[in-house]
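Report on the structure given below.
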Amino acid sequence: MKRSIVPVAVLLLVSSFLCVSGARGAIAYVDKGDIEVGLILGEPTGFSGKVWTTASTAFDIGLAWSFGDGGHFHVHADYLFHNFDFLEVDSGNLPIYFGIGGRVVIKDDDSRIGLRVSIGLEYILENHPFSFFFEVAPVVDFAPETEADVNGGIGVRFIF
């Protein structure tokens with residue numbers, strides 16, 4: 001099982017970055033092609049990245065450590081849709097987002113692969129290249145057996 005999960009994890013990571021094109025579209029505070037890199041704290045805890053593909057869509061990835069079940073490496077990638085009109089703030093942007101993706105858990109004796117559905121809020125600062133986010137992601141693992149789980153956390157990212 002371990003041999004089949006590693007190629008899937010690599011495929012998820014590579015495909016999340018291949019969808020960035022060269023043209024830049026204009027929206028307030030983030031542009032198509034912008035990259036966000038930072039940390040997420042929660043379940044799992046680790047590195048978080050985001051690549052904007054349009055003014056309202058992005059790929060999100062996580063390379064993290066899960067402290068549950070004795071600890072294991074966790075990789076996820078989601079395709080996200082953002083609604084910038086749902087919540088209005090005086091300064092910056094506060095889009096609500098939702099998306100679908102996958103996750104791979106790499107553990108010595110119990111590696112798993114599953115489907116994630118992400119729901120969250122991201123506050124994008126107006127005059128500074130930072131964003132703060134909160135998300136919850138129900139997960140259904142399909143291999144090696146069907147099992148439900150929930151991921152979630154808070155985080156901060158620097159916008160390049």
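The values are calculated or read from the model by the stated rules, or taken from the named source; none is laboratory data. Here the structure is a predicted model, which means the values were calculated and not measured. Note that each Cβ is placed from the backbone with ideal geometry, even for glycine, and that neighbours are counted across all protein chains shown.
Evaluation of ASN151 against the conditions (1) over 16 Å from GLY62 (Cα atoms); (2) touching a Pro at 6+ places or on another chain (Cβ under 7 Å); (3) of a type in the set (S, T, N, Q) shows that the sole unmet condition is (1).
Restrict the check to the stretch 135-156 and report whether at least one residue is among the small types (Gly, Ala, Ser) and not in a strand (DSSP E or B). The answer is no, given that none of the residues of the stretch 135-156 is among the small types (Gly, Ala, Ser) and not in a strand (DSSP E or B). With the structure loaded, tell me whether GLU122 is touching a residue at least 60 places away in the same chain (Cβ under 8 Å), in contact with a strand residue (DSSP E or B) (Cβ under 8 Å, 6 or more places away or on another chain) and among the acidic types (Asp, Glu) or whether it fails that test. Against the criterion (touching a residue at least 60 places away in the same chain (Cβ under 8 Å), in contact with a strand residue (DSSP E or B) (Cβ under 8 Å, 6 or more places away or on another chain) and among the acidic types (Asp, Glu)), GLU122 does not qualify. The one condition from (1) surrounded by 13 or more Cβ atoms within 10 Å (Cβ to Cβ); (2) more than 13 Å from the chain's Cα centre (by Cα); (3) polar (S, T, N, Q) that ASN127 does not meet is (1). Filtering the stretch 89-112 to residues that are part of a loop (DSSP other than H, G, I, E, B), in contact with a His (Cβ under 6 Å, 6 or more places away or on another chain) and closer than 23 Å to HIS72 by Cβ leaves only LYS107.
Here is a yes/no grid of residues against (1) modelled with pLDDT under 95; (2) farther than 30 Å from GLU147 by Cβ:
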| site | (1), (2) |
| --- | --- |
| ALA64 | no, no |
| GLY68 | yes, no |
| HIS72 | yes, no |
| ASP78 | no, no |
| PHE81 | no, no |
| LEU87 | yes, yes |
| SER91 | yes, yes |
| ILE106 | yes, no |
| ASP110 | yes, no |
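For PHE86, the conditions (1) surrounded by fewer than 19 Cβ atoms within 10 Å (Cβ to Cβ); (2) aromatic (Phe, Trp, Tyr); (3) outside any loop (DSSP other than H, G, I, E, B) all hold with the exception of (3).
Scanning the stretch 64-81 for residues that are crowded, with 17+ Cβ neighbours inside 10 Å and under 19 Å from ARG112 (Cβ atoms) turns up ALA64, SER66, HIS72, HIS74, VAL75, HIS76, ALA77, ASP78.
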